[in-house]
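The values are calculated or read from the model by the stated rules, or taken from the named source; none is laboratory data. Owing to the predicted nature of the structure, the values given are computational and were not obtained by experimental measurement. Cβ atoms come from the backbone with ideal geometry, glycine included; neighbour counts cover every protein chain shown.
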Amino acid sequence: MTGKRDTLSEWMEESAAVRVRLLAGGGKPGLASREGMAGKTGMQIMQAMLAGELPYAHIAETLEFALIAVEPGKATFQGTPQLKHYNPLGTVHGGWYATLLDSAVGCAVHTLMPAGRGYTTAELSINIVRAASHDTGPLRAIGTVIHCGKQLATADGRIVGPDGKLYAHATTTCLVFDLAARQ
């Protein structure tokens, strides 16, 4: 049990540090301007979001999760399911898992985008293998790129607890495109 407690403490400290850094940088939910993203790689955009220099997605505030870390080809989000995320049958709605995983796998792909390139989710497949609840505590969605090409990218993701238990896993296919071509 000590391992879980240590990991949980590390997760909580890391999450608190990210929130402090985000707020210090003026971070808030919103839409990033084209000017704010111009000339930046996907990795630079993700790092700017973590620093509070670019806004983060509104859905993160709605579903109470946050970007915790990025590195090339990888993105980590942390969230804790709340009662407001339950379906009428008394379990965490599948959309909570799906959104957390879509964010992790999509942002993992984003870290590999060169300046002027973007992506969008074309397919997302998830499997929920363990029920989470408001008593579960924080969970992490970790997305990792499998392949990133000029037209398609694929990634997989896992939602895990601090004890290493798997709650859900996903795969995605993303379309990759030039941003200048989109109006």
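Provide a single number: the residues in the stretch 128-163 that are part of a strand (DSSP E or B) and over 21 Å from residue 46 (Cα atoms).
Adding up the residues that qualify gives 2.
So, in the stretch 79-119, how many residues would count as being within 27 Å of residue 175 (Cβ to Cβ) and of a type outside the set (Ser, Thr, Tyr)?
Summing the residues that are within 27 Å of residue 175 (Cβ to Cβ) and of a type outside the set (Ser, Thr, Tyr) in the stretch 79-119 gives 23.
Is it the case that the stretch 124-131 has a residue that's touching a residue at least 40 places away in the same chain (Cβ under 8 Å), surrounded by 12 or more Cβ atoms within 10 Å (Cβ to Cβ) and of a type in the set (Lys, Arg)?
Within the stretch 124-131, not a single residue is touching a residue at least 40 places away in the same chain (Cβ under 8 Å), surrounded by 12 or more Cβ atoms within 10 Å (Cβ to Cβ) and of a type in the set (Lys, Arg).
Which of the residues belonging to the stretch 173-183 are closer than 20 Å to residue 72 by Cβ and either touching a helix residue (DSSP H, G or I) at 6+ places or on another chain (Cβ under 9 Å) or part of a loop (DSSP other than H, G, I, E, B) (or both)?
Within the stretch 173-183, 174, 176, 179 meet the criteria.
Looking only at the stretch 49-67, filter to residues that are in a helix (DSSP H, G or I) and within 11 Å of the chain's Cα centre (by Cα); which one of those is surrounded by the most Cβ atoms within 10 Å (Cβ to Cβ)?
Step by step, filter the stretch 49-67, then rank; the result is 60.
Filter the stretch 68-84 for residues that are farther than 24 Å from residue 149 by Cβ and either free of Cβ contacts under 8 Å to residues at least 40 places away in the same chain or surrounded by fewer than 15 Cβ atoms within 10 Å (Cβ to Cβ) (or both) and give the result.
The answer is 82, 83, 84.
Kindly establish whether residue 170 is assigned to a strand (DSSP E or B) and either at pLDDT 95 or above or closer than 21 Å to residue 40 by Cβ (or both).
yes
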